[in-house]
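Structure first, commentary second.
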Amino acid sequence: MVQIQQSLHTTQQSERPIQLREGDVYRVTVKEQKGNNEALLSVRGREVAAKFDGRIPSGERTTVQVLGSEADRIRVRVLHDEGGRGTQQAKTHEKGHQQGVTQTLRQLGIQQPTPELRQAAAIVLDKGVALSKEAVRDLQKYMNEGQSDLRIQTVQALANKRLEVTSVHLRAIHETLHGRPINSVLTDLAKEIDRDFKVDPAERERLERPTQAQAIREVRQNVHEARTVEQASEQVERRLIQSGRVSREQAGQLERVTLHARTDAASGQERTGVERMIQALEHLEREARGLQDRGQAAQTREGNGSRIVDQITQVRNEIPGESIQRAAERVQHLANLSQIDREFSRSIDRAVTESRHLDQISNERLIQSLQQAERSTSNEGTSQALANVRQQIVHGGLTHSVSEKIETIIRQMTSSDAQTSHQLSKSLRQAIQLQNVANDRLQQALNAVEQSIKTEALSKEKANENLHANNLREATKEAETTLRREASLERAIQKVDSLLSGHPVLTAEEQNKFRQSISEAREWQQQGRELKSRQEIAKAIEDIKQINQLRPQETTTYTQNEAFQTSVDMASKSIAVTTVTEKMAQMASDFKKLQRDITRNLDLVNRQIEQFRSQAQPQAKPLLETTIKNLDNAILKSEMMLLSDMKTERQLMLASSQLAEAKKLLARGKYREANEIVRNVKQQVERLQFQPSETRVKHYTAANEQALRELQTPNQSFRSKYTETARGPVQEGSPRAMFEMVRNAGLNRDSEIAMQLASGREQHESSERNLKSILMQLARGEEEGSRVQQLANQALSNVTGQQLLSRSEQQSNLQSLYFQLPLLLEDKVENLQVYVNSRNEGQQVDWENCSLYFLMETPKMGEIGIVVSAAERQLSITLKNNKADFQQKMKPLVGMAVTKLSEIGYSINGINYSQLNNKSEESADNEGLESPQQPVFGEKGFDYKI
């Protein structure tokens, strides 16, 4: 959360002139009297020259109304004079203040203000916020609508942020602080749009799968740089085995390799042991990439058809128990899905039309028979029962339960109604027959669509298999050529290994056999038997060729492969977009330029410190601050971090924090320590290798390509964007990914648009591709008063309230932020609340000295509160929960979190555990279980007790 605020609050200007409107009322302080009717006033922390309409008040504090402006002064009128200084005046200050508030409200049109309205108005005036007639009316209306204590809290929050009193602001802040959680509102809205909506946690697992290959690659790079086997082993054990990044089988393999490597080190072959571990990691990385490729192929099949097939199956199972009218509505919903081909959509429409026509005929005939039976029967109870079932058919159609009721009535008819019961039984049979025909027509349409989708998915799967088989043939040809032409056996083995190991066509057993052959070839090479080694490799290549030839394949031409590639959905074949390569090249160029600028700046800072020593702070500080700012902007605002790996991103964060520490040391005169840090950071930045991750490039391009199409309706866009936001960042532990999550929610939408307008740039499309923008479209586009519009407005007010409560406070040295983020836990979307208190560092959060409070509901542990206090990058953490085994269950997760925090420059002072809510025995007896203590928005930000 550290860097998020830096981008959320950069649009504010540091010294904007205060705007005083004619007719507004302010509570001001008289700073200096300049004549009979002129004085210098302090209004909201700013000094303003004023001319009084009448005499100047005798006290320091007074309530005035703005009448207009003259040149560089404003004209004001005193509404209430609180009196002069002194003991007597101090004693009556509170009483006079209340009288002044009452007089002010009367001047603004409220003749009989309630105590609650007076209290709210006093809070607003005390904070220097203006009151006008419109503001007072909005405030009165708001205070009269509900529970006064909660509404006073809302007014206090609004006044603390110095926000204008309007109905929009009041409603938004109230909805955020006291309304339903954002996850509940958004989930209800999604289900209102699509009643079968559900965030699929398996989709997130598919998205996270490529991170295993990324993690292995990062560890492999660290192992390659390690000087000893012990250092390399520590990386493998801590970052792969203990973190659970690899499977149990893979962990066993790594443990065996680590043991062999330590044996090598004990016999004096340190580098051989490290190389052994590198080779093992290369094998695992190729396996992970193979899983990724197969997962993408499965995702293509599932993305194009499986979800629709699941919906078809669900509708088919529910049709028999429902009326044809309801069943037709369900089938019609399937026809409206954008993924279904137009031809099949039209066939579904025809089936639905025919079914509804048959249903209408059967219902009309049966209703006529029921009416005749009502008139013919002599039993009043039977007549009433027939009337009831007739009404059920009119309103809900003929269902299985209704037909059973009619059969029961027919059996209960007496012999005098025999002719009536016979005629009614005949009509019921005819109606059921027509219903069955209509039902069969719907089922046939569903079967046709399902069969088409499965056939299409199967053909794509076969085409994909053929494509991989062709790739394997090309790889074996290249491997054979390499083996014949490469003079160096070591390089030949490495090349063949990289070409064939982990290929997606090969099964796990086949891959193990190939790896065993490569291992034996290396052993023959180490024994000096090069010919035997080459024969072993040649045999392994020939085996793979035989395996590939024996697999059932279809004859496919280049044209067919091309057609298959262009038929795949854009999101699943994003790697084929040529603009990705151009983007990668541009980002790599930008990174190199940033790297040159930073190293040049740090080199200059280094020379300045060496030259001026203890007097270097004035000369080196500006350039050091510029370098830190450039680093922070690269981490958060540039697109480079979307293409970089986690290691590079964390190294940049660590460099930023170390330079901030150097700046502090320089200010304290410790130039030697500061210079040492600057030199180390310079070397770290020089060593950085920016290699865009192929996985992230695919994900990045897919998101942009999908946005360019923009063919979705607001309803479809909302479902997909809410799902994306709830799943959270795929790149675990990345600040940039967390920032993108906040951006997806639309919490900085307005600031981005403001920056674009202020700079004169054309509004970027990305500023409208977020949850808030989609909610605005839904609120405008839906029918007035509909359930969808109500929920969209409710969610929109919640998001706006979060933005208002996170507004930068210009006249305060404190900064507070508040977020509600939907978060997917297991298979349910929960609400993560984030409270932040900090010093205001140029309208940014001081991330080195701040406090954060996270509050969330979990399915297994109930509510959990996490308090994080940072002082000079020293963290104190308190975990709060009411479960007895909470501490024991949290220990493994705490260890992983501590490791990640240490990697970006934080150190942990202590981790404590406490109860989330403390209730006395008396309150427990009288009131039962209390709700957890919620943070209160107070004078100095959010107050949360530890």
* State all residues of the stretch 144-159 that are touching a residue at least 40 places away in the same chain (Cβ under 8 Å) and not polar (S, T, N, Q); if no residue qualifies, say none. => Ala157, Leu158
* Return the pairs, sorted by first residue and then second, in which the second residue is of a type in the set (Phe, Trp, Tyr) and assigned to a helix (DSSP H, G or I), the first residue lies in the stretch 879-902 and is in the same structural domain as Val867 (by TED's automatic domain parsing), the beta carbons are less than 9 Å apart, and the residues are 6+ apart or on different chains. => Leu879/Phe886; Lys880/Phe886
* **Selected residue (criterion: nearest to Glu329 (Cα to Cα)) from residues of the stretch 182-225 that are modelled with pLDDT of 75 or more and among the hydroxyl-bearing types (Ser, Thr, Tyr)** => Thr187
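Residue-by-condition table, conditions (1) assigned to a loop (DSSP other than H, G, I, E, B); (2) over 30 Å from the mean Cα position of the chain (by Cα); (3) modelled with pLDDT of 90 or more:
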position: Gly128; (1), (2), (3): yes, yes, no
position: Val136; (1), (2), (3): no, yes, yes
position: Tyr142; (1), (2), (3): no, yes, yes
position: Gly146; (1), (2), (3): yes, yes, no
position: Gln156; (1), (2), (3): no, no, yes
position: Arg171; (1), (2), (3): no, no, yes
position: Thr176; (1), (2), (3): no, no, yes
position: Arg180; (1), (2), (3): yes, no, yes
* Looking only at the stretch 664-711, count how many residues are at positive phi and at pLDDT 70 or above. => 1
* To do: Return the only residue of Ser378, Ser416 being part of a helix (DSSP H, G or I), of a type in the set (Gly, Ala, Ser) and out of contact with any strand residue (DSSP E or B) (no Cβ under 8 Å at 6 or more places or on another chain).
  => Ser416
* Pick out the one residue from Glu649, Glu625, Glu661 that is exposed (fewer than 15 other Cβ atoms within 10 Å of the Cβ), in contact (Cβ under 8 Å) with a residue 24 or more places away in the chain and of a type in the set (D, E, K, R). => Glu625
* Asked: Residues in the stretch 141-148: is at least one under 26 Å from Asp81 (Cα atoms) and not aromatic (Phe, Trp, Tyr)?
  -> no
* **Every residue from the stretch 98-126 that is in contact (Cβ under 8 Å) with a residue 60 or more places away in the chain and not in a helix (DSSP H, G or I)** => Leu108
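The values are calculated or read from the model by the stated rules, or taken from the named source; none is laboratory data. The shown structure was predicted, so the numbers you read here are calculated from the model rather than taken from an experiment. When we count neighbours, we look across all protein chains shown, and the Cβ atoms used for this are built from the backbone with ideal geometry, even at glycine.
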